[in-house]
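The values are calculated or read from the model by the stated rules, or taken from the named source; none is laboratory data. Here the structure is a predicted model, which is why all the values come from computation and not from measurement. Glycine also receives a Cβ, built like all others from the backbone with ideal geometry; neighbour counts cover every protein chain displayed.
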């Protein structure tokens, strides 16, 4: 036990040293890229851009770490956090909807709208899963809400694509600052919310017990949980409103704090924000350093939000490799439907209606005859139906083989691996290499997840964690490529 | 330019009338009567030539980003430039589809609807203005509008020959959001236009295959002697009021110009518009 603890202190010490070195380097403004800058501008740049940026990274990282810790504690689920439960994407969608048509929205308004969107998404997850759910059902509901929000986002992007570029820039997490406003705003909000939450810790410790025991102690479980979740959502939404979606800090920071061997809630309540702040500062420093080192060769900016999954994911995968992430028992999903025939018949009816509508609908184009529609549409309908069928089969096989009710091509990072493979194939060998890239990407992702799962005796929690880490990593690489291929 | 536009619009109406009387895909041997342009550089070139455009991808946004030459009033929208609505395209029964080579939907998908001409603008040689000139010739030949093509190229030469009494190197930028901006360097249409006008582009950094780089404000400060030319939509007030913006060497020297929208990935008409706006600024 002691040796584990001792060796566990090495990585955080190394991380902190690296973060400090990176921060000092980014603040000194040296390097070929900045040669010839007038002194007056260098002073202004440091005061209004670089220093506030360090503060924003620290404050936003701490807020995300704290927010996620509260989610995980009151929901008693190590994978439940603002990202997986749709709070971040809900806030993002609401802010995007509100800012359509105007290039910039007042930051306070963004926060209010983001909070509303985050709470709505959380409410949807809780309603879908059932008020008392805390295990896998909650995560499945979060996955569903995230997917729905994602598709609304895609529809929105197609309809109002002229704003797509700036939305992608913001959505990929950009910490660059112009003045101290964001840093001051975040500091003030944390100064109020932080102590409130730390005081509430005494109550939140109760959530290590079951709901029944808490009730036995005379506490109102529902109200306590609701209050804690609203406060945690507020923390996450204010970060999203200020700097965009910074994924993965929430998932990784409490997990790393736990992996460091910190057991008590009080300890983790200090460690999770600290780890979150260090992670985000390290990711942002890396983003700036990459930009500075490669600035003479590539014509793009590295968004910070893309480097957090890379950095946090690497640490998390490392901890999984060392079997440091404890697994909590995952309850099986609710018993299968007692009326399978009815459900199957309903599914088939919906399928037939969808196919019929897809093949014949001419709502917006009366000029085309049905025979002309048919030729263009049946390949799409067949492709969509086959893709759905294959994904469903893949999900069934994965859930059966892994004995994990949450296993799916998305949750194990295989879909994102394939997506990254497609883009890599496209870059390497054009359209012809896309299929090979997809297959290779999916297989590599699957192999990594299986190896890590095997090292953790196929425990459901670590396996999903490996999948999510890998999926976010691949997703981050994909959005980097989209953001760099500018248009209009 | 204005004269050519009037003439061409009359011709376009006449062409559309004849086409509807003969109502045929193959009514004109070789000269298409119903053209769809999926790329705006091609659309603006065809509009300047007075070719019979029936539809342009993202036609409503074209009016805001490309502005001139205006599309014929009845021009329809066929969806995204990168991925148009194929059924809407088919319903229009075009007899020619013009796209940019290497961008958007694969031509093979479009061939099933109508003959496709995919013309290059951004190639390994990174000379979009030269390719835009060639596209004028190709499109003029394709639509039987040789005189209008020659007129358009002559208008370009006039615009490029206009002397601008300014020895500052120029930084051509467009804001991506309130913190990031795109700078147009080698490989972009604007870079070629500056070179042809005898002006210097200040940006010496790398650019992507479309000829621009995404950068922060600090990258602009590297060129304190340059004049900053901002293409609208202009940056938001929050940025313009910030201390950092006021500390930019170009701001302190009073060397900032804002130009009305010009299409950054345009063809010869956009090159003319850019040169004219720059000269008038």
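Below is a table of values for the structure above.
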| item | result |
| --- | --- |
| Filter result for the condition that a residue is closer than 24 Å to residue A:380 by Cα and either in the same structural domain as residue B:150 (by TED's automatic domain parsing) or within 13 Å of the chain's Cα centre (by Cα) (or both), over B:93, B:117, B:65 | B:93 |
| Those residues of region B:189-207 which are assigned to a loop (DSSP other than H, G, I, E, B) and more than 20 Å from residue B:155 (Cα to Cα), in sequence order | B:200, B:202, B:203, B:204, B:205, B:206, B:207 |
| Of all residues in region A:28-45 being at pLDDT 75 or above and buried (at least 18 other Cβ atoms within 10 Å of the Cβ), the one that is nearest to residue B:243 (Cα to Cα) | A:44 |
| Qualifying residue in region B:70-86 (condition: within 14 Å of chain A (Cβ to nearest Cβ), farther than 23 Å from residue B:261 by Cβ, in contact (Cβ under 8 Å) with a residue 24 or more places away in the chain and out of contact with any helix residue (DSSP H, G or I) (no Cβ under 8 Å at 6 or more places or on another chain)) | no |
| Answer from A:426, A:412 - the residue that is within 21 Å of residue A:472 (Cα to Cα), surrounded by 13 or more Cβ atoms within 10 Å (Cβ to Cβ), touching a residue at least 24 places away in the same chain (Cβ under 8 Å) and assigned by TED's automatic domain parsing to the domain that holds residue A:466 | A:412 |
| Listing of helices (runs of 4 or more DSSP H) fully contained in region A:96-175 that carry 1 or more residues being modelled with pLDDT of 80 or more and surrounded by 19 or more Cβ atoms within 10 Å (Cβ to Cβ) | A:107-129, A:136-159 |
| Single residue of region B:116-137 satisfying the filter (in contact with a strand residue (DSSP E or B) (Cβ under 6 Å, 6 or more places away or on another chain) and not in a strand (DSSP E or B)) that is farthest from residue B:32 (Cα to Cα) | B:121 |
| Matching residues, region B:182-200, being more than 10 Å from chain A (Cβ to nearest Cβ) and crowded, with 22+ Cβ neighbours inside 10 Å | B:184, B:188, B:189, B:190, B:191, B:192, B:193, B:194 |
| Number of the condition not met by residue A:464 [criteria: (1) over 20 Å from the mean Cα position of the chain (by Cα); (2) under 29 Å from residue A:259 (Cβ atoms)] | (1) |
| Helices (runs of 4 or more DSSP H) fully within region B:239-281 counting 3 or more residues that are within 13 Å of chain A (Cβ to nearest Cβ) | B:243-247, B:249-252 |
| Residue A:356 vs. criteria surrounded by fewer than 12 Cβ atoms within 10 Å (Cβ to Cβ), on the phi < 0 side of the Ramachandran plot and part of a helix (DSSP H, G or I) | yes |
| Complete set of residues in region B:220-238 that are more than 8 Å from chain A (Cβ to nearest Cβ), free of Cβ contacts under 8 Å to residues at least 60 places away in the same chain, surrounded by 16 or more Cβ atoms within 10 Å (Cβ to Cβ) and not in a loop (DSSP other than H, G, I, E, B) | B:220, B:228, B:229, B:230, B:231 |
